[in-house]
């Protein structure tokens, strides 16, 4: 049904009518928000200004209420953060283009699709529009949707998905889509958001998940009440150090076990969360089916691996399967390890503080000092890759199953869906955060022109490793990986070096 109660889907002017109703409701909603807010701010506060904030304020730049708990708030983009996100998207631009070309074929011509949590990503919008599908995009922040519309002209609006029921009437759109957004919203809002999405969709939708979930889920999974890594999603260098110590001098076993742990942890958290999201849709009377689709990068650098969640209202036909898409249930025994069994992963350490890096380097046998340790390790990690889990000690696999089993994680997550507040008793000191920098492996994966990348690379080295003074000779003294772990030329690091 259209916004005015008539069947307008596919009619000329339907989007104009839809957006008119949306804009009217948002204007009234924002008026009420500002009237009831403890404070109205023009701009989103800087890190230093919000560390002690414990209140709900209205932010004009965002166009919504923002609730702070000790400075922490929802995960959402601001315009200034979009270039960083663009860098990641551009790495897989070709593969994502292939994916969305096929994805857009699933929707009927002239249907209306709501694209939630769009950020600055125009690729799905362009792909759908090229197939004559009408798209309306949404994001949390007004500044972000303004930038999205500047990048690609189409109907957009900003609102917290928790308030979607105050902006869109039931059955206002045919389908709802979104990439990773349902895994990134505040857990305490997830139930209401899923309910709202089920109400506004007339037929169904499809949600994709190609990045790790909200870092809060990883803190919950690990029982963290102290901030140990800038981004809890990423590997904790202290955990790598502990695996090397437990391996008792067998460096390769320690590295393989840590690699398996870090990647199994990411996979386990998303699988548990997908199980929860699937059940929430079903609780709202909507059919839901999980799937997985992978597209290999011909350069063997950045394969696209995407989980899918296909939903359909009762009596509606679900969207067709994508080519080579595999359907599954997260509760299947051994699913996590089955998905990792033939999967090759590097040991990615995106954050390395120099103290821990120095301890790791000594355990591995790399010759360095504290000042150069993080750079030395990042270069070393570029040279190693492991196949698993057949070489991971059984005790480590059993330990991870106990830590990250689907039912174990669901039990940990559910209290937060019901309103529990994540408490971080100890946050990182700013000086320590400044020492945890992106590793060179990560920086060099950005598709910058060589000159721009070199300058960026050099500035990070100057600031974090050379004390602000360029020491060109130090770069030439980088140690090579130990022979038993180094990649052999010609195999691209795709085969395991250790023979038994």
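Brief remarks follow.
- Scanning the stretch 32-54 for residues that are closer than 18 Å to residue 162 by Cα and in a loop (DSSP other than H, G, I, E, B) yields a total of 1.
- Restricting attention to the stretch 391-419 and to residues that are assigned to a loop (DSSP other than H, G, I, E, B) and surrounded by fewer than 18 Cβ atoms within 10 Å (Cβ to Cβ), the residue that is modelled with the highest pLDDT turns out to be 418.
- Taken over the stretch 263-293, residues that are at pLDDT 90 or above and in contact with a strand residue (DSSP E or B) (Cβ under 9 Å, 6 or more places away or on another chain) amount to 19.
- Among the conditions (1) over 18 Å from the mean Cα position of the chain (by Cα); (2) farther than 30 Å from residue 35 by Cβ; (3) without any contact (Cβ under 8 Å) to a residue 40 or more places away in the chain, the only one that residue 54 does not satisfy is (2).
The values are calculated or read from the model by the stated rules, or taken from the named source; none is laboratory data. Predicted, not measured: the structure shown is a model, and the values here were computed from it. When we count neighbours, we look across all protein chains shown, and the Cβ atoms used for this are built from the backbone with ideal geometry, even at glycine.
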